[in-house]
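Peer 1: Dropping a structure here in structure tokens format, bear with me for questions.
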2 protein chains.
Amino acid sequence: MPDSKKQLLFQKQARIAQAIGHPLRLEIVDFLKDGEQCVCDIAEQIGAERSNVSRHLSVMVAAGVLEHRKEGLKVIYRLKCPCILEFFKCMSGMLKQQARESSRLLNEL
Amino acid sequence: MPDSKKQLLFQKQARIAQAIGHPLRLEIVDFLKDGEQCVCDIAEQIGAERSNVSRHLSVMVAAGVLEHRKEGLKVIYRLKCPCILEFFKCMSGMLKQQARESSRLLNEL
DNA sequence: TTACTATATGAGTATATACTCATATAGTAT
DNA sequence: ATACTATATGAGTATATACTCATATAGTAA
């Protein structure tokens with residue numbers, strides 16, 4: 001792959017990673033894994049202001065993580081691709097490794 | 001799982017996602033998948049200032065993505081857990097989906 | 001010792017992000 | 001029409017991040 005293309009790829013991937021690199025946004029993704037939801041229900045679930053939630057949702061739409069459609073007054077958001085959930089598996093692997101290491105260090109004291 | 005624990009988990013996961021949510025840092029991770037490297041070689045590979053690379057490396061160490069050891073004058077960095085590479089698979093899935101959608105939209109014109 | 005190399009970090013600046021409040025828009029219901 | 005609801009967004013502020021340059025530290029080599 002040419003270098004410029006690689007740069008572009010890294011940029012897009014970084015944008016996706018950054019889009020889920022916030023506790024509230026991860027919580028939203030986790031909530032949406034069970035099905036699409038409107039803004040106000042998301043806001044209630046995660047306990048944040050609607051305007052703030054709306055912005056977080058925009059960030060994820062811009063990065064291509066979510067998509068949305070209108071239904072009456074409401075706007076319904078859903079995961080654009082379930083493959084984003086793979087991320088959680090990846091994270092569990094990392095955190096388990098970190099936990100293993102911590103307990104190893106503890107045992108050495 | 002209790003809510004407070006979930007919050008903490010989301011926070012940790014977000015930190016990891018954010019740690020790889022930057023083009024240069026993704027490029028570093030990609031470079032390190034083939035084996036550990038010292039700061040100056042990483043800096044040369046990705047074409048950035050050493051001090052800047054050093055900071056990016058610190059961010060990833062703090063998030064638990066990388067670990068390092070000293071060898072003489074050099075500091076060698078490596079992936080803490082190969083599971084971080086799963087992230088790239090996850091990303092490819094997302095980007096392929098986005099590409100499919102773009103071409104579908106194009107065909108509808 | 002001095003000179004050199006690799007890395008880390010303080011300080012400063014520029015930019016980006018997160019958040020809140022107020023307001024605008026769009027649809028619903030009367 | 002008015003009143004209401006859901007969502008988005010402009011403006012302001014606070015905080016975080018990325019970057020650069022200069023300097024400090026630690027190890028190597030003469």
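The values are calculated or read from the model by the stated rules, or taken from the named source; none is laboratory data. Quick caveat: nothing in here was measured; it's all calculated off a predicted structure. Heads up, the Cβs are rebuilt from the backbone with ideal geometry, glycines too, and the neighbour counts pull from every protein chain shown. Just so you know, the surface numbers come from the protein's heavy atoms only, side chains and all, with ligands and any DNA or RNA stripped out. Shrake-Rupley method; radii C 1.70, N 1.55, O 1.52, S 1.80 Å.
Peer 1: Given R₀ = 41 Å, FRET efficiency for residue B:102-residue A:101 by Cβ-Cβ distance, to 0.05?
Peer 2: 0.45
Peer 1: Need one value: the accessible area of residue A:3 in square angstrom, 1.4 angstrom probe, rounded to the nearest 10.
Peer 2: Spelled out: residue A:3, probe radius 1.4 Å, area about 110 Å².
Peer 1: Using a/c under 1.5 as the rounded threshold, could you call segment A:34-109 rounded, prolate or oblate? The axes a ≥ b ≥ c are square roots of the C-alpha gyration tensor eigenvalues, and prolate needs a/b larger than b/c, oblate otherwise.
Peer 2: Cα axes put segment A:34-109 in the prolate bin.
Peer 1: Once A and B are treated as a pair rather than alone, how much accessible area drops out, both sides summed, in Å² to 100, probe 1.4 Å?
Peer 2: Its buried surface, counting both partners, is about 3200 Å².
Peer 1: Give me the accessible area per residue for segment B:3-81, probe 1.4 Å, as a whole number in Å².
Peer 2: Computed with neighbouring chains in place, this is 53 Å² per residue.
Peer 1: If I ignore ligands, DNA and RNA and count only protein heavy atoms, how much of residue B:89 is accessible to a 1.4 Å probe, in Å² to the nearest 10?
Peer 2: Approximately 130 Å² of residue B:89 is accessible to the 1.4 Å probe.
Peer 1: If you roll a 1.4 angstrom probe over the protein chains with everything in place, what fraction of the accessible area of chain B belongs to carbon and sulfur, to the nearest %?
Peer 2: Result for chain B: 51 percent of the exposed heavy-atom area is carbon or sulfur.
Peer 1: Would you list, by chain and number, the lysines whose Cα falls below 20 Å from the Cα of residue A:74, excluding same-chain residues fewer than 8 positions away?
Peer 2: Here the lysines satisfying the reach criterion relative to residue A:74 are A:33.
Peer 1: Excluding residues fewer than 8 places away in the same chain, name every one of the lysines whose C-alpha is closer than 16 Å to that of residue A:5.
Peer 2: B:96
Peer 1: Next up: How many nm is it between the label spots at residue B:38 and residue A:8, if each spot is 7 Å from the Cα in line with the beta carbon?
Peer 2: Simple spin-label model gives 3.6 nm for this pair.
Peer 1: Okay, moving on. Mind jotting down a quarter of the surface of the convex hull over the alpha carbons of segment A:1-80, in square nanometres, one decimal?
Peer 2: 5.7 nm²
Peer 1: So for chain A, taking the charge dipole from beta-carbon charges (+1 Lys/Arg, -1 Asp/Glu), which of A:93, A:22, A:2 sits furthest toward the positive end?
Peer 2: Highest projection toward the positive end goes to A:2.
Peer 1: Turning to a different aspect of this structure: Working from the alpha-carbon coordinates of the protein assembly as shown, get Rg over Rh, Rh being the Kirkwood radius.
Peer 2: That ratio is 1.01, to two decimals.
Peer 1: Moving on to the next point. Given a 1.4 Å probe and heavy atoms of the protein chains only, how would you sort B:109, B:26, B:9, largest accessible area at the top?
Peer 2: So the residues, ranked largest to smallest area, are B:109, B:9, B:26.
Peer 1: Mind checking the dipole of segment B:24-109: about its Cα centre, +1 per Lys or Arg Cβ, -1 per Asp or Glu Cβ, Debye to the nearest 20?
Peer 2: Computed charge dipole of segment B:24-109: roughly 200 debye.
Peer 1: Follow-up question, since we're still on this one. Residue by residue through segment A:22-36, which ³J(HN,Hα) values in whole Hz follow from phi under the Karplus form 6.51 cos²θ - 1.76 cosθ + 1.60 (θ = phi - 60°), with glycine and proline marked x?
Peer 2: Per-residue couplings from phi come out as 8, x, 5, 5, 5, 5, 5, 4, 4, 5, 7, 5, 8, x, 5 Hz.
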